[in-house]
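The values are calculated or read from the model by the stated rules, or taken from the named source; none is laboratory data. Since this is a predicted model, take the numbers as computed values, not measurements. Cβ placement follows ideal geometry from the backbone for every residue including glycine, while neighbour counts extend to all protein chains displayed. For the accessible areas, the whole protein counts, side chains as well, though only heavy atoms, and no ligand, DNA or RNA atoms are used. Shrake-Rupley method; radii C 1.70, N 1.55, O 1.52, S 1.80 Å.
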Amino acid sequence: AKAQGRNTYCFYEHQWEKQLKERQLIESNLRHALERKQLQLYYQPQFDTMTEKMIGVEVLIRWFHPELGMIPPNHFIPIAEETGLILPIGEWVLRTACRQAKEWQERGFDPVRVAINLSPRQFQQQNLVATVESALYTSGLEPQWLELEITESLAMKDAEFTIAMLKDLRAMGVSLMIDDFGTGYSSLSYLMRFPVEGLKIDNSFVRDSIESNSSALLLASVITLGRNLNMRVIAEGVETEKQLTFLRKHQCDQVQGYLLGRPMPAADLEKQLNKVSDD
Ligand code: C2E
Ligand code: CA
Ligand code: CA
Ligand code: CA
């Protein structure tokens, strides 16, 4: 038994070492990803549930490394947050997306709102509001076309500071949404205290909704909650017709998911944008 215990220990140590090496590899490479132009933005369409019109796109980062291949955001965003690299990366995302949205407008496409994911870490920056203002000003994009998705987190424990910032952003005309609604630990209190325009229901609620009656009830309740608070409600992770029908029936405002469109490079998304004169 003792020998086995020792083997197990070695196994775990080995795993742990492997994970540490992987992490270090990502971390050291991430430092150069921006300057080496390995980061790219993908855009996933968001639709009005009733009219089926594309009204927005969520901006999702992709990292293409020449040797490591495509590294998904879930593997490097947490490391970027811990190391602080999320600050330059986040600013690059913001500026690039604003420029892209403005470029589409200038080329005569029907305007769509670009929704950007903000890390809690970015909210601890004194100059976030100034950075957003600068990104809008430099790109020439009007604030109404920019949406910021924020997640609840412990990092927001300095709520007064965060709320003041969110108010400034809203006063600028930028729209704010709570992301992954229902998965944090104080969703409801955030919803009441943060000056947000709406909420995005987490993938998991949509996924489970067709599996059981209680999950379906939960999803319907969250939509109703949002509506009663006069909020815009987006459901993400819509993968099946059945889910879409359910969301339509319960009057969820917007939908997003593989069924309707995957995240894709700007050049591909463009093909789905309408020209203003088409209407
Ligand atoms: P998120 O903000 O919750 O984004 C939604 C995720 O669900 C995306 O994963 C998207 O590709 C995926 N998704 C969309 N439709 C479906 C569907 O129908 N089914 C399923 N199963 N998944 C779907 P992705 O692109 O891998 O991003 C993962 C997370 O990484 C994001 O979760 C977000 O938290 C973070 N992230 C991505 N880009 C950025 C960024 O530019 N800045 C920051 N701070 N975080 C980012
Ligand atoms: Ca998001
Ligand atoms: Ca989400
Ligand atoms: Ca998420």
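Below is a table of values for the structure above.
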{"item": "Using alpha carbons only: equivalent-ellipsoid semi-axes of the range 163-224, gyration tensor based, whole Å", "result": "27, 11, 9"}
{"item": "Cross-link pairs beyond the 22 Å C-alpha cut-off, checked among 37/275; 53/167; 53/249; 37/271; 53/275; 53/271", "result": "37/275; 53/167; 37/271"}
{"item": "At R0 = 25 Å, FRET efficiency that the Cβ-Cβ distance of residue 15 and residue 36 yields, to 0.05", "result": "0.25"}
{"item": "P(r) tail fraction, the range 174-275 - alpha-carbon pairs more than 16 Å apart, %", "result": "58 percent"}
{"item": "Inter-label distance, nm, simple model (7 Å from Cα along the C-beta direction), residue 228/residue 50", "result": "2.1 nm"}
{"item": "DSSP-defined antiparallel bridges as percent of all bridges, the chain, nearest 5", "result": "45 percent"}
{"item": "Accessible-area order (highest first, 1.4 angstrom probe) of the listed residues 158, 202", "result": "158, 202"}
{"item": "Projected label distance in nm at residue 82 and residue 106, using a 7 Å step from Cα toward the beta-carbon", "result": "4.1 nm"}
{"item": "From phi via Karplus (6.51, -1.76, 1.60), per-residue ³J(HN,Hα) for the range 99-107 in Hz, x at Gly/Pro", "result": "5, 4, 4, 5, 4, 4, 5, 5, 7"}
{"item": "Cα-based helix-to-principal-axis angle, 2-33 vs the chain, degrees rounded to 10", "result": "50 degrees"}
{"item": "C-alpha long axis of helix 213-228 to longest principal axis of the chain, angle in °", "result": "50 degrees"}
{"item": "Dipole magnitude of the range 67-166, debye to nearest 20 (Cβ charges: Lys/Arg +1, Asp/Glu -1, about Cα centre)", "result": "160 debye"}
{"item": "Hydrodynamic radius of the range 225-279 per Kirkwood, over alpha carbon pairs, in Å", "result": "13.1 Å"}
{"item": "Overall Cα dimensions of the range 110-229 - principal axes, largest extent first, Å", "result": "49, 39, 23"}
{"item": "Dipole magnitude of the chain, debye to nearest 20 (Cβ charges: Lys/Arg +1, Asp/Glu -1, about Cα centre)", "result": "400 debye"}
{"item": "Positive-end residue of 72, 199, 214, charge dipole of the chain with Cβ unit charges", "result": "72"}
{"item": "Cα centre as origin, Lys/Arg/Asp/Glu Cβ charges: the range 155-279 dipole, Debye", "result": "280 debye"}
{"item": "Residue 81 accessible area, assembled protein chains, probe 1.4 Å, Å²", "result": "60 Å²"}
{"item": "Full-extension gain in nm, residue 171 to residue 27, via 0.36 nm per residue minus C-alpha separation", "result": "48.2 nm"}
{"item": "Computed E for residue 133/residue 245 - FRET, C-beta separation, R0 35 angstrom, nearest 0.05", "result": "0.25"}
{"item": "Cα centroid separation, the range 190-260 to the range 16-63 (Å)", "result": "24 Å"}
{"item": "The chain: Rg to Rh, with Rh as the Kirkwood radius over Cα pairs", "result": "1.01"}
{"item": "Between 0 and 90°, nearest 10: helix 73-83 axis offset from the chain longest Cα axis", "result": "70 degrees"}
{"item": "Normalised contact order of the chain, rounded percent, pairs of Cα under 8 Å and 6 or more residues apart", "result": "18 percent"}
{"item": "For a label point 7 Å along the Cα-to-beta-carbon line of residue 62, residues of the range 85-104 with backbone N under 18 Å", "result": "93-94, 96-98, 100-101"}
{"item": "FRET efficiency estimate (nearest 0.05) - Cβ-Cβ, residue 275 to residue 192, R0 45 angstrom", "result": "0.60"}
